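> Next up is a structure, given as structure tokens.
The values are calculated or read from the model by the stated rules, or taken from the named source; none is laboratory data. This structure is a prediction, so every number in the text was calculated from the model and none was measured. Here the Cβ positions follow ideal geometry from the backbone for every residue, glycine too, while neighbour counts run over all protein chains shown.
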Amino acid sequence: MNTQRFLLKSGTIPLLLVLGLIPHALAHEAGFSEAQSHGLISLNVPATFIVPAWFLAQSGAQTQKTHLSQRPTLPDTLPQKPESNFQKPKTAAVFERFSPKVAVRWDAHFLYVETNGLPSHNMMEGITNWQQQVPLPQKYTAGNAWRIPLHPQPAAKPVSIKGRFLRGAVALAVNGIPIFNPQNNRGEISADIGELDQWGGHCGRADDYHYHSAPLHLQSTAGPGHPIAYALDGYPMFGLTEPTGQQPTELDSFNGHESPELGYHYHASPKYPYVNGGFHGVVVEKEGQVDPQPRAQPVREALKGLRGAKIISFESTGKNTYKLGYELNAEKRAVLYSTNTDDTVTFEFQNGRDGTTRETYTAKPGNGGARENTPPPPGPQARQNGPDGQPPAPPRPTNQYDSNAPAHGGSLLAALPRSADFILRSSDVQIGGELPTEYTGDGAGSTLPLQWTGAPTGTKSYALVMHHVDPEGKTKWYWILYNIPPTVQSLAKNSRNIGILGSSFRGHIGYEPPHSKGPGAKTYVLTLFAISRPLEITLPAVKVDFDTVMTAMKGSILAAADLSVVHTRTGNGVEDPPPPRPRPQKEPKLGSPPVPAPPPPPNVAR
Ligand SMILES: [Zn+2]
Ligand SMILES: [Zn+2]
């Protein structure tokens, strides 16, 4: 991605160093976005070459897993659906109510739903826990369309979405907007923490708009008695009542039940799980999400939460031009942006007393947004100087490791060279799966057995970091192991004598098993780094923290691989005991980022 910075203030330099040093987190709960996945379909569609959607759909588009080489220009209106050789499924009519924002086509197996990812209702207003993302059009078209199975099959073992499927969509609303897990990637219930607008949606890390709760407001357009969504297993989701107007009875744990008229179907609910609480039908789970599903394409790095901001308005101020207004510290601020015909996106950040800046982003071929060696993302946090050489505003409470932080994620990979071949797995927990008790503070606190494959040639050592980003955006680390020899390809449970241990965020040497008493599911990410040299760390183990090891690896990371696991405790609401007091600021190392002041008490509801 090219980032053309029209304005680069000197106050951004410390942040540049931070970003250059610390790999950013991945995009929205789903990778670059919640929708990001390694297994997603995208098609090679040059902007000047129009491939009819029906051709792609019926020529085995599912098997074409090439990279998007150029962002095709998004049409203002979606193409008309072609004639199909297959009988029109009745599911099609449900989505067609939202035409022309939504276009459908089908084959014998699937209904394909194409949209630009923007609903006809307003968005964003009412969000009080905002990650600074804004709604940008997406290309959910052609081979990147949503698909709904037309003949859902009951699964032999239906799976809950609690603590699982935390990336990507679990359902598709009938207006073509994806519905994500009611839990965000950190395992929090989005609806409970101010992340959602009054329509139940917000934007992910690819600036992709999606819901995290049931879009009950669609019922009037969908028509009484019609579904408001389809789960990605193909079963329909009705509103709060049956088509007869009666209350649904005998719902299973997924909010579903069987009726003679409708067969198996889900219902929305006004509280958790809001939507289908699991999949009654068969779905393929891959990398923590239903696979395949469309990919949202980011044009810029994901941003971090802007503490205290409240979105007060959102409007289209012209063709492809938008204005998002928010309040921060009693000051009115705004983000104005437009999507341009040359496929760039221009932003103007009106940051009140911090001045106004402009940025233009261009998505580059096959890219998920900015990478290392690019300037930091736009946003108020990137500019710390006043507009006229005034003294810098006081530093915001940022987390230095997550200055780009996870909207919903926590991966350390974003800015790193990635190899699709480099894979980290555990024989005892699946990707995005629940961490067995044995590996937590409730059990023996054993270390996970791990296996990896596909390290790049030239790997001279590995380093392992397990971390979690708490709801206030603080990074906590649970396991640091470095200088694992390049010949090693696995760690046994409770592995000893391989590599060198660092300390946990609590200051204990070795593995700190997750022992959160906070309610809900939390995501912990194990990241394995393939490094081109052994690390030269001379500090005693107790001093080797997250910062130390990330700094030591700087410039030598060849690739990294993630394994996310989930730990759920149904505690009594007592949060983790506070971590040790922040260390006094160290002598700055070469290239070391400034250590920010400890954040003020959280104002984010849990
Ligand atoms: Zn989300
Ligand atoms: Zn029902």
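> If you check every pair at least six apart or on different chains, which have Cβ atoms under 7 Å apart with a residue in the stretch 244-259 that is in a loop (DSSP other than H, G, I, E, B) and at pLDDT below 95 first and a residue that is away from ligand 1 (no atom under 16 Å from the Cβ) and of a type in the set (A, V, I, L, M) second?
As it stands, the answer is none, since no pair meets every condition given.
> Something else: Scan the stretch 241-276 for residues that are away from ligand 2 (no atom under 14 Å from the Cβ) and farther than 21 Å from Phe95 by Cβ and report the count.
Result for the stretch 241-276: 5.
> Is it fair to say His210 is assigned to a strand (DSSP E or B) and either within 16 Å of ligand 1 (Cβ to nearest atom) or farther than 24 Å from Tyr112 by Cβ (or both)?
yes
> Inspect all residues belonging to the stretch 245-254 and state whether any of them is under 21 Å from Glu188 (Cβ atoms) and either more than 20 Å from the chain's Cα centre (by Cα) or assigned by TED's automatic domain parsing to the domain that holds Ala145 (or both). Steps first, answer last, please.
The initial filter retains those residues of the stretch 245-254 that are under 21 Å from Glu188 (Cβ atoms), namely 253-254.
Applying the additional criterion that residues be either more than 20 Å from the chain's Cα centre (by Cα) or assigned by TED's automatic domain parsing to the domain that holds Ala145 (or both) yields 253-254.
Yes, there is a match, as at least one residue in the stretch 245-254 is under 21 Å from Glu188 (Cβ atoms) and either more than 20 Å from the chain's Cα centre (by Cα) or assigned by TED's automatic domain parsing to the domain that holds Ala145 (or both).
> For the stretch 217-240, what are the residues that are in contact (Cβ under 8 Å) with a residue 24 or more places away in the chain, assigned to a loop (DSSP other than H, G, I, E, B) and within 14 Å of ligand 2 (Cβ to nearest atom)?
Passing the criteria: His226, Pro227, Ile228, Tyr235, Gly239, Leu240.
> I'm trying to understand the selection: among the residues of the stretch 472-521, which are surrounded by fewer than 17 Cβ atoms within 10 Å (Cβ to Cβ), without any contact (Cβ under 8 Å) to a residue 40 or more places away in the chain and not in a loop (DSSP other than H, G, I, E, B)?
Ile509
> Is it true that some residue in the stretch 178-195 is over 24 Å from Val469 (Cβ atoms), at pLDDT 95 or above and in contact with a Phe, Trp or Tyr (Cβ under 7 Å, 6 or more places away or on another chain)?
No, every residue in the stretch 178-195 fails to be over 24 Å from Val469 (Cβ atoms), at pLDDT 95 or above and in contact with a Phe, Trp or Tyr (Cβ under 7 Å, 6 or more places away or on another chain).
> If we keep just the residues of the stretch 100-126 that are surrounded by fewer than 19 Cβ atoms within 10 Å (Cβ to Cβ) and under 17 Å from Ile148 (Cα atoms), which is nearest to the chain's Cα centre (by Cα)?
His109
> Let me ask you something else. Checking Asp207 against (1) within 22 Å of Ala92 (Cβ to Cβ); (2) away from ligand 2 (no atom under 14 Å from the Cβ), which test does it fail?
Against the list (1) within 22 Å of Ala92 (Cβ to Cβ); (2) away from ligand 2 (no atom under 14 Å from the Cβ), Asp207 comes up short only on (1).
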